[in-house]
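The values are calculated or read from the model by the stated rules, or taken from the named source; none is laboratory data. Everything numeric here is computed off the predicted structure, so don't read it as measured data. For neighbour counting, all protein chains shown are included, and Cβ atoms are generated from backbone atoms with ideal geometry for every residue, glycine included.
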């Protein structure tokens, strides 16, 4: 079997669809290279003295792990100097990161969650990086937060890396979803799965069941039906899977089908959800839709939401289309 590298794939995609200009290709390659560096740091674990808390909090008020801070630095440093970016934004930083004046500016803007699933770092369970690429608005001089506030439908690329038994990079540029596996000996990303599709039918769901007492009625109703099994209204048994690392849960759903849910709940009624729209929900929704699935906030398509602020939160229901449509219909009844 002829091996196709990430670079070869991107060049051939550009020839086929004219959808990956050279600047965007370079940007994706730099992000992929940064993910390779993060993967190396993650794989060292205690040997690299990267485990444990950094003793600081991020903008969300969450305690940062050493690897959170390190991964953020790796992504910033890798992407600053290439000339294809106007600015970056990270879940770990309060405001945007403009490209330093000593470097040329490009027409793209990068958003990322440098290390998703931090609670799993110290117990050696899969974690990952999520990223999203937007075009800078026409005529933008100095980038501001407002320039980033574009609906997810405007993304030109999105992807994630999973640092697990293998390190994989899952990518879309708007023409389907493809998966690359890191060949650690060669140091290269190799195309291992083309045109991934979320299976339409599923018997698996992912939700943090410890919050059940706080769920709103539509979510309770939906989960009760799944748990009733083959004697209930759905007429089949469902399994629950929950890794508490969005990248790992979504990667499983891309491969095996299922539905991932992080709903808003009654604990903090003023909060629309926990996951971040710009760094988590939008890129994952783009990938899932490109793979034939669906993604909503319970009421509307996630990619249609107009963000009001950089660190906006949102409820998330994504995965196999029929299941997402069902639980969304319960919210809209």
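Remarks
- Residue check, residue 319 within 20 Å of residue 200 (Cβ to Cβ) and touching a helix residue (DSSP H, G or I) at 6+ places or on another chain (Cβ under 7 Å): yes
- When residue 101 is tested against the conditions (1) surrounded by 13 or more Cβ atoms within 10 Å (Cβ to Cβ); (2) over 25 Å from residue 164 (Cα atoms), the lone failure is (1).
- Residues in the range 260-288 that are in contact (Cβ under 8 Å) with a residue 60 or more places away in the chain and either part of a loop (DSSP other than H, G, I, E, B) or closer than 17 Å to residue 303 by Cβ (or both): 13 in all.
- Residue identified as in the same structural domain as residue 144 (by TED's automatic domain parsing), within 18 Å of residue 274 (Cβ to Cβ) and touching a residue at least 60 places away in the same chain (Cβ under 8 Å) among 64, 60: 60
- Scoring residue 187 on the criteria (1) over 20 Å from residue 129 (Cα atoms); (2) surrounded by fewer than 15 Cβ atoms within 10 Å (Cβ to Cβ) leaves a single failure, condition (1).
- Candidate set from the range 191-212 (those that are surrounded by fewer than 16 Cβ atoms within 10 Å (Cβ to Cβ) and touching a residue at least 60 places away in the same chain (Cβ under 8 Å)); member that is nearest to the chain's Cα centre (by Cα): 197
- Selected residue (criterion: surrounded by the most Cβ atoms within 10 Å (Cβ to Cβ)) from residues of the range 138-184 that are more than 25 Å from residue 253 (Cα to Cα) and touching a strand residue (DSSP E or B) at 6+ places or on another chain (Cβ under 6 Å): 148
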